[in-house]
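Please read the structure below before turning to the comments.
Any read-out appearing in this document is the output of simple, stated calculations on the displayed coordinates, not a laboratory observation. Since the model is a prediction, treat every value here as computed from it, not as a measurement. Cβ placement follows ideal geometry from the backbone for every residue including glycine, while neighbour counts extend to all protein chains displayed.
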Amino acid sequence: MREPLIYEISSPGRAGVNLPECDVPATPLPKEYLREDLPLPEVSEVDLVRHYVRLSQLNYAVDTGFYPLGSCTMKYNPKVNEEAAKLPGFVQTHPYQPPDTIQGNLFLMYQLQEFLKEISGFASVSLQPAAGAHGELAGVLMIRAYHESRGDHKRTRMLIPDSAHGTNPASTTMAGYETVKISSDARGNVDLEELRAHCDDTVAGLMLTNPNTLGLFDEHVQEIARLVHECGGLLYGDGANLNAIMGIVKPAALGFDVMHFNLHKTFSTPHGGGGPGAGPVGANEVLAPFLPGPIVVKERVEEEPASDEEWEEEEMYYYHWQMPPSSIGRLKAFYGNFAVCIKAYTYIRMLGAAGLREVSENAVLNANYLLSRLKGVYPLPYNRTCMHEFVLSGRLPDAPDVHTIDIAKRLMDFGFHPPTIYFPLIVPEALMIEPTETESKETLDAFADALIQIAQEAKTNPELLHSAPHLAPVARLDEVLAARQPVLQCLK
Amino acid sequence: MSYIPNTDADRAVMLKAIGVKNMDGLFRDVPEALRYPELKLPPPVSEMEALRELREISEYNVDLEHAPCFLGAGAYRHFVPSVVGHVIGRSEFYTAYTPYQPEISQGTLQSIFEYQSMICALTGMDVANASHYDGATALAEAVLMAVSVSRGKRRKVVLSAGVHPEYRAVVHTYTQGMALTIVGEGADPLATEVLADMIDADTACVIVQNPNFLGYLEDPAALRTLADAAHSKGALFVVSADPISLGLFSPPADYGADIVCGEGQALGGGLNFGGPYLGFFACKQQYVHKMAGRIVGQTVDRHGQRGFVLTLSAREQHIRREKATSNICSNEALMALAAAVYLAAMGKTGLRKVAELCYHKAHYAAQRLSALPGYQLLSQKPFFKEFALRCPRPVDEINEYLLDEWGIIGGYDLGKDYPGLANTMLICVTEMNTKEEIDLLVEALAPDYFPRADEEGAPDMEEAA
């Protein structure tokens, strides 16, 4: 299944595109500024297309099969989203066009801000951040800016549960704060006693993922919010797991002050092989002035309505950019991942309120059903009703030599993408499984059957697991070699 | 339509297997008083209605298929070969995620490896990562990396005023919690040489953009001198570059760059109203362990066959958590794929030709526009596809006139970012602008149609200056 590198199919003189002749008089080039060589490949269009189509066939994707990658919400990506984002009226617009000429774009962004406010309960939303981690950085910087604006310079510590995504502590460091780890209790909640002990006037805030990365809804979330607020801190919400609670509960109502959304997860804009995503951030009244900007606002148009009768019936609005008054600033050039926003807007329009609640209900139903089929087979560290995902351990009592990595690789032979593995860190040999709402009972059963069979194989034929995968495009890859002798490009 | 395959009958069987009576039984951990809030969203629509609505919204825009456009300033309209859309439209690529499981992600991994190779080819650097969000965040990450290379000891950044104003703003946003000193932005954007005097033993890095925000090319020899000045004080030299310009002009490695980053949108990405774009990032081998982001490396499988994996991940947030170089997780992989397909399609000669077309057309436009009475080029320095044009009237007035009377989207108002550049328009011309479009712009600004300010009694800006 080896596909040559694009450089290996290169041949001097070939080209994959033809360009027009220059239609203006030439101007001499500044010779001392020019480069000598440009080592790009030279391939024909047909070879180029075959190369990339063959590469695509080496990929596993949501469109080829079940992809229960925990915390990533690998749901089906509706094709209408893609069509909407390809409309030339959107694609062919420049970010610096005058606002009069981009009222469509601004309207769409305004509406998406409004939709996300309604779903989350926050007072204001900025679409600036390009990914979840980018939204986290925004949130932590906003918390920092808030404390600074009050002259409160003592607060240097961000509390982060031990079940948190690695991006939470990394974002905290980038914002210049110190990370303090808070343990989880025996039921997978934040340990309240430990939290109380840390709550003082040096605490900037707490970053909480709820449901958390164990797939559990923290039973004390309101108490956590109270404790953090009482000591003057703010509560950050990592919205990675919003897919469990749309129409079930509004995060702002639970006491969160600021939260990011992952449009590529919850709102089905695809994951793109690693991106682009979008990580809008929502905030309550207190933190809204600090949001990254610009954001879209609307104004009632007072001018004379056009002569058409129908115009008089409608309220006319003019949309434009505005920087929030105490904004932490820009997080990227221009305004956010607009094409991703189009897809999320389309998704929310197709589903409406009832559809979004159905999404969360069925995501949670699917996870609990799969859990019910697997909990007697694999160790379950926290035996509770889960939300949209759950975490098992791959440490099988009768198969001490088998590790989670082996189970994951063997799953590929059954035609499935493995779950997230070795995360969260608090579960040894973790298997973090998120089926999403877009999978049928039949798919869940087939996946459960595979995992049950693998648990059997682990006892009877562990070598089958150790040497897996057997049916993937390549056999198990040597990651240690890659790190010890890095080959990171093919030109040197 | 919520794309849910389960039927009521399925749900009943599943609820029974779980051991709860109804859906509500799954949500008992959610505080009851807050459960099931009403969401006031517009009623759902069918696919047909959704597409009609979206098309109607899009038609409230003036799109550039219907208006000649001379805007650039960091977002560029270049030709995108048909193959690009077809490849990135393969759902095997776009519905996958980060290739955590390499055995079933060789398509994404190999394409990133090839992308990294081509970014190294363009920039002349040793290693490249799998992407950042955009050119601005790539530059901000370069600053974080430079500080990290000094183990946090160096706290000063020399940042050229010729760097895109929004990129500089993002550097400030990213570093607001780090107590860095950032200097250089108040200097003349066309006098890069003055930065050398600002470099001292506390300087982590010196940052320039080439071509700079005003479109002008920096002299490679002068940049080499600046790089030497940085290196002599132990600072890194960072270059933010336009990748299309690198089809023709010296790779930053040749004049001493330690880190090269920039906006890769021009490589096969549409304008898309500013996003998603592509931050490309490359550096010297010796700094690879401080570079942020995903990196793909070559290895072998257990049968000795070549394959690709994410590597050196001990740098990253999921392993190092609070000690990571950056918090980046999701990146712009699909845009990196588009860039790779674009560069492979263009190849060695195609990219050079695109750059030449931009160069010649921009110079043709500059020569014709500056021949109009009242218009002159800001500088005689060499430029690539953009140039700054002094105008006889405020830029927003000219742009309003061009749009209303001629249906032309004019250039970028440099006065917004540089107080000394009032009435100065940044004009961008790429291979997409035909000679007819350029001639139309010249005609529109000719005195017959568009009188100079003094002829209308408004203040003459040239005299005022």
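What to note about this one:
- Of the DSSP H helices in chain B, those whose Cα atoms cover at least 20 Å axially and whose Kyte score averages 0.5 or more: B:135-149
- Simple spin-label estimate for A:Ala123 and A:Ser393 in nanometres, 7 Å along Cα-Cβ: 4.6 nm
- Cα Rg, Dmax, the protein assembly as shown, angstrom units: 27.6, 94
- Distance (nanometres) between label positions extended 7 Å along Cα→Cβ at A:Glu479 and B:Asp404: 6.2 nm
- The HN-Hα couplings worked out from phi for region A:417-424 by the Karplus form 6.51 cos²θ - 1.76 cosθ + 1.60 (θ = phi - 60°) are 7, x, x, 5, 10, 6, 8, x Hz, whole numbers, x standing for Gly and Pro.
- Think of region B:82-342 as having a plus end and a minus end, set by charges on the Cβ of Lys, Arg, Asp and Glu; of B:Ala96, B:Asn212, B:Pro276, B:Ala96 sits farthest toward the positive end of this dipole.
- Gyration tensor analysis over the Cα atoms of region A:73-131 returns equivalent ellipsoid semi-axes of 22, 19, 10 Å (largest first, whole Å).
- Ranked packing of A:212-223, B:98-109, B:180-191, most packed first, by mean Cβ within 10 Å: B:98-109, A:212-223, B:180-191
- Dipole magnitude for chain B: computed about the Cα centre from +1 point charges on Lys and Arg Cβ and -1 point charges on Asp and Glu Cβ, it is near 2620 debye.
- Amide H to amide H, with H built 1.01 Å from N, B:Phe308 comes under 5 Å of B:Thr299, counting only residues 5 or more places away or on other chains.
- Between A:Lys154 and A:Lys181, the modelled labels are 2.7 nm apart [label points 7 Å from Cα along Cα→Cβ].
- Isotropic mean projected area of the C-alpha convex hull, region B:132-206 (nm²): 4.7 nm²
- Overall form of region B:56-199 per C-alpha gyration tensor (a/c, 1.5; a/b vs b/c): oblate
- For region A:80-349, the extents of the C-alpha atoms along the principal axes are 68, 40, 32 Å, listed from largest to smallest.
- Across chain B, Cα pairs under 8 Å and at least six residues apart give a relative contact order of 19 percent.
- Estimated 222 nm signal from helices in chain B, with DSSP H stretches of n ≥ 4 weighted -39500 (n - 2.57), rounded to 500: -10500 deg cm²/dmol
- Counting only whole DSSP H helices of chain A, the ones at least 30 Å long by C-alpha along their axis and with mean Kyte-Doolittle hydropathy no lower than -1.0 are A:338-374.
- Rg ratio (alpha-carbon, reference 2.2 N^0.38 Å) - region A:140-220: 1.10
- Descending semi-axes in whole angstrom, ellipsoid equivalent of chain B, from the Cα gyration tensor: 42, 32, 23
- Here is the P(r) of region B:239-294: all C-alpha pair distances, binned every 5 Å from 0, give 4, 17, 25, 22, 16, 11, 4, 0 in whole percents.
- Inter-chain shielding of B:315-323 (mean C-beta neighbours from other protein chains, 10 Å cut-off): 6
- Sum of side-chain charges, B:Arg52 neighbourhood, beta-carbon under 12 Å (Lys, Arg +1; Asp, Glu -1): -4
- Our compactness index for region A:359-479, the C-alpha radius of gyration over the empirical 2.2 N^0.38 Å, is 1.02.
- Debye, to nearest 20: dipole size of the protein assembly as shown, +1 on Lys, Arg Cβ, -1 on Asp, Glu Cβ: 3920 debye
- Distance between region A:50-69 and region B:236-257 - C-alpha centres, whole angstrom: 35 Å
- Computed over chain A, the per-residue total of -39500 (n - 2.57) for DSSP H runs of n ≥ 4 gives a 222 nm mean residue ellipticity of -10500 deg cm²/dmol, rounded to 500.
- When +1 charges are put on Lys and Arg Cβ atoms and -1 charges on Asp and Glu Cβ atoms, the dipole computed for region B:82-342 relative to its Cα centre reaches about 960 debye.
- Here region A:112-264 has an Rg and Dmax of 14.2, 40 Å, counting Cα atoms alone.
- Long-range tail of P(r) for region A:98-175 (Cα pairs > 18 Å, %): 58 percent
- Scaled against the 2.2 N^0.38 Å expected of a compact globular protein of N residues, the Cα radius of gyration of region A:60-103 reads 1.76.
- Each Lys or Arg adds one and each Asp or Glu subtracts one; over the other residues with Cβ under 13 Å from the Cβ of B:Val442, this totals -2.
- Base-10 log of normalised Debye intensity for region B:265-308 (one unit scatterer per alpha-carbon) at q = 0.20, 0.26, 0.31 Å⁻¹: -0.83, -0.91, -1.04
- Residue order, fewest to most beta carbons within 10 Å, for B:Cys329, A:Cys490: A:Cys490, B:Cys329
- Under 15 Å from the A:Lys492 label point (7 Å along Cα→beta-carbon), backbone N, region B:124-151: B:124-129
- Phi angles of region B:409-421 translate, via the Karplus equation with coefficients 6.51, -1.76, 1.60 and θ = phi - 60°, into HN-Hα couplings of 8, x, x, 8, 7, 5, x, 5, 10, 10, x, x, 10 Hz per residue; Gly and Pro are given as x.
- Mean-position separation - Cα centroids, region A:158-198 and region A:438-466, in angstrom: 34 Å
- Intensity falloff of chain A expressed as log10 I(q)/I(0), Debye formula with alpha-carbon point scatterers, at q = 0.06 Å⁻¹: -0.34
- Value of D in µm² per second that Stokes-Einstein yields for region A:6-56, Kirkwood Rh from Cα pairs, at 37 °C (0.692 mPa s): 240 µm²/s
- Note that region B:59-71 has calculated 3J(HN,Hα) couplings of 7, 6, 8, 8, 9, 7, 6, 10, 8, x, 9, 10, 8 Hz, one per residue in order, obtained from phi through the Karplus relation 6.51 cos²θ - 1.76 cosθ + 1.60 (θ = phi - 60°); glycine and proline are x.
- Around A:Val427: net Lys/Arg minus Asp/Glu count, Cβ-Cβ under 11 Å: -1
- Reciprocal of mean inverse Cα separation for region B:312-365 (Kirkwood radius, Å): 14.3 Å
- Evaluating kT/(6 pi eta Rh) at 37 °C and 0.692 mPa s, with the Kirkwood radius of region A:1-126 over Cα pairs in the Stokes-Einstein relation, gives 158 µm² s⁻¹.
- Relative counts (whole %) of C-alpha pair distances in region A:192-320, using bins that are 5 Å wide: 2, 9, 15, 16, 14, 12, 9, 8, 6, 4, 3, 2, 1, 0
- On the basis of the beta-carbon distance and an R0 of 41 Å, B:Glu443 and B:Asp200 show a calculated FRET efficiency of 0.20.
- Dipole axis of region B:348-464 (+1 Lys, Arg; -1 Asp, Glu on Cβ), positive-most option in B:His360, B:Leu372, B:Thr434: B:His360
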